[in-house]
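Take a look at the structure set out below.
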Amino acid sequence: MILVTGGAGFIGANFILDWLRAGDEPVLNLDKLTYAGNLENLAELAGDPRYAFVQGDICDKALVERLFRQHAPRAVINFAAESHVDRSIHGPGEFIQTNILGTFNLLECARAHLGGLDDAARKAFRFLHVSTDEVYGSLAKDDPAFTERHRYEPNSPYSASKAASDHLVRAYCHTYGLPVLTTNCSNNYGPYQFPEKLIPLMIVNALAGKSLPIYGDGQQIRDWLYVGDHCAAIRRVLAAGQPGETYNIGGWNEKPNLDIVHAVCALLDELRPRADGQSYREQITYVTDRPGHDRRYAIDATRIERELGWKPQETFETGIRKTVAWYLDHPQWIANVQSGAYREWVEKNYGGRAS
Ligand code: NAD
Ligand code: DAU
């Protein structure tokens, strides 16, 4: 059994679905169900004996201790986080709480759990912490991409909170011998991403006839990875990564934001043309830049490729086509997320425990 935190979110849900397609080891999903947690993402697992869900907070010590006691997971995969940079700028409190104190609580509970294990189980245990390339800060145009040895220079409350959690994870390995693994990944995209992030926001706004807001000049660069490739990389790191090490995960796909939005518009023009025959590009609007906006991220994924043999399967072109097609095929998912109807779904299925 593995314990996945934040499994009702975008990457966590993709990971659980991917994990149970790849094997039969059971998953316990601990998720608080914040605005970003959506159990509809995992609806196809209803009745699957390999999957169990607990609604709860990773900051809740008594709860996490109980889960360790009852289920004795052989690994923790920590996805749970506040993940949106813009929200962290408007209100950093929850980011400090969940990303730092929540990770601290998980580490403490894992450490206590490890103390009660025999040698073999202790050696086999893993705490895999899912982090981000944003902890490394911003690159200039010609700087080399981030390697695992790049210094930490987080610039937003979000990335600072993730950096703090990475440092705690590292310290628990160094000080207490907790067998940790840290992954730092670039921007993900794909099915089930909440439409506050660039790609799904552009898709849903375009279809709704709304404006497509580009922050600043739209020349900021992000390095895009299809979420299924990220999930496969995490499985690989869990299976073969060296405890105490960190692995950068990326798809060698640096692109300016404006190119991303143009790619989304071109696919929508092809797959769901506007009734007036105009391109969705007409909806692009330049808006005020994000405060402290990092200019460029880029991941050097040499280490995970060379040492663990992982490589992304999707190019940006195949991944973005699948993604746009997924959103076009799931209008009800979009409508539910936007209306909050998924909260009612939670209410119905989990009786009054929705936050
Ligand atoms: P998300 O916002 O879609 O999902 C986060 C999930 O965590 C939600 O289900 C939410 O309910 C849950 N959660 C939040 N606070 C919690 C708490 N206190 N206790 C339990 N559950 C809680 O995020 P995502 O995009 O899926 O990101 C998952 C992880 O991957 C995060 O740690 C993020 O920092 C990291 N990451 C994301 C990206 C990306 O591009 N999205 C890239 C690199 C790393
Ligand atoms: O790099 C990994 C990180 O990628 C993850 O750690 C974060 O959890 C994830 O949210 C993401 O952070 P970004 O800030 O890069 O993602 P976002 O989708 O919010 O923005 C991507 C880029 O697009 C960024 O340069 C800001 C810009 N943008 C975003 C939105 C939502 C716009 O121009 N307009 C928008 O409306």
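Could you check how much of the accessible area of region 236-280 is carbon and sulfur, as a whole percent, using a 1.4 Å probe?
46 percent
When the accessible area of region 1-44 is split by element with a 1.4 Å probe, what percent falls to carbon and sulfur?
52 percent
With the radius of gyration and the Kirkwood radius both derived from the Cα set of the chain, what is their ratio Rg to Rh?
So for the chain, dividing Rg by the Kirkwood Rh gives 0.96.
Calculate for the chain the 222 nm mean residue ellipticity that helices alone would give, adding -39,500 (n - 2.57) per DSSP H run of length 4 or more and normalising by residue count, nearest 500 deg cm²/dmol.
My calculation for the chain gives -13000 deg cm²/dmol from helical runs alone.
Could you pull out every residue, at least 5 positions away or on a different chain, whose amide H is within less than 5 Å of the one on Ile249? Hs are placed 1.01 Å off N in the peptide plane, and Pro or chain starts have none.
Asn184, Cys185, Ser186
Would you mind telling me the antiparallel percentage of the DSSP bridges in region 196-355, rounded to 5?
The antiparallel proportion sits near 40 percent.
For the chain, what's the relative contact order in percent, using C-alpha pairs closer than 8 Å and at least 6 residues apart?
Worked out over the chain, it gives 18 percent.
How large is the dipole of region 101-238 about the Cα centre if only Lys and Arg carry +1 and Asp and Glu carry -1, each at its Cβ, rounded to the nearest 20 debye?
About 300 debye.
Dividing the convex hull volume of the alpha carbon atoms of region 148-259 by its residue count, what do you get in Å³ per residue?
With only Cα atoms used, region 148-259 gives 129 Å³ per residue.
With all protein chains present and a 1.4 Å probe, how do Tyr158, Tyr35 order by accessible area, largest first?
Tyr35, Tyr158
Could you pull out the pairs from Lys255/Lys311; Lys61/Lys197; Lys322/Lys348; Lys210/Lys348; Lys61/Lys123 whose alpha carbons sit more than 26 Å apart here?
From the list (Lys255/Lys311; Lys61/Lys197; Lys322/Lys348; Lys210/Lys348; Lys61/Lys123), the Cα-Cα distance tops 26 Å for Lys61/Lys197; Lys322/Lys348; Lys210/Lys348.
Taking all protein chains together and a probe of 1.4 Å, list Arg303, Arg222, Arg74, Arg281 from the most accessible to the least accessible.
Arg281, Arg74, Arg303, Arg222
Could you tell me which of Ser83, Leu128, Gly93 has its Cα farthest along the dipole of region 31-143 towards the positive end, charges placed at Cβ (Lys, Arg +1; Asp, Glu -1), taken about the Cα centre?
The listed residue farthest towards the positive side: Leu128.
To the nearest 20 debye, what charge dipole does the chain have about its Cα centre, counting +1 at the Cβ of each Lys and Arg and -1 at the Cβ of each Asp and Glu?
I would put it at about 560 debye.
On a 0 to 90 degree scale, rounded to 10, what angle separates helix 257-271 from the longest Cα axis of the chain?
Its long axis makes an angle of about 70 degrees.
Over region 1-102, one equal point on each Cα, no solvent: what is log10 I(q)/I(0) by the Debye formula at q = 0.20 Å⁻¹?
-1.00
Could you report region 1-89's accessible area per residue, 1.4 Å probe, as an integer in Å²?
I get 35 Å² per residue for region 1-89.
For region 174-235, what is the charge dipole size about the Cα centre, in debye to the nearest 20, if Lys and Arg each add +1 at the Cβ and Asp and Glu each add -1 at the Cβ?
Charge dipole of region 174-235: 120 debye, to the nearest 20.
Of all accessible surface on region 93-212 at a 1.4 Å probe, what whole percent is carbon and sulfur?
53 percent
For region 104-227, with every protein chain kept in place, what is the accessible area per residue (1.4 Å probe, Å²)?
Ligands and nucleic acids excluded, the result is 39 Å² per residue.
Averaged over all directions, how much area does the convex hull of the C-alpha atoms of region 200-255 cover when projected, in nm²?
5.6 nm²
With point charges of +1 on the Cβ of Lys and Arg and -1 on the Cβ of Asp and Glu, referenced to the Cα centre of region 6-85, which listed residue (Asn38, Ala72, Ala52) lies farthest in the positive direction of the dipole?
With unit charges placed on the Cβ atoms, the residue in question is Ala72.
The values are calculated or read from the model by the stated rules, or taken from the named source; none is laboratory data. These figures come from a predicted structure and were not determined experimentally. Don't worry about glycine lacking a Cβ; one is built from the backbone with ideal geometry, like all the others, and counts go over all protein chains shown. The accessibility values were calculated without ligands, DNA or RNA, using every heavy atom of the protein model including side chains. Shrake-Rupley method; radii C 1.70, N 1.55, O 1.52, S 1.80 Å.
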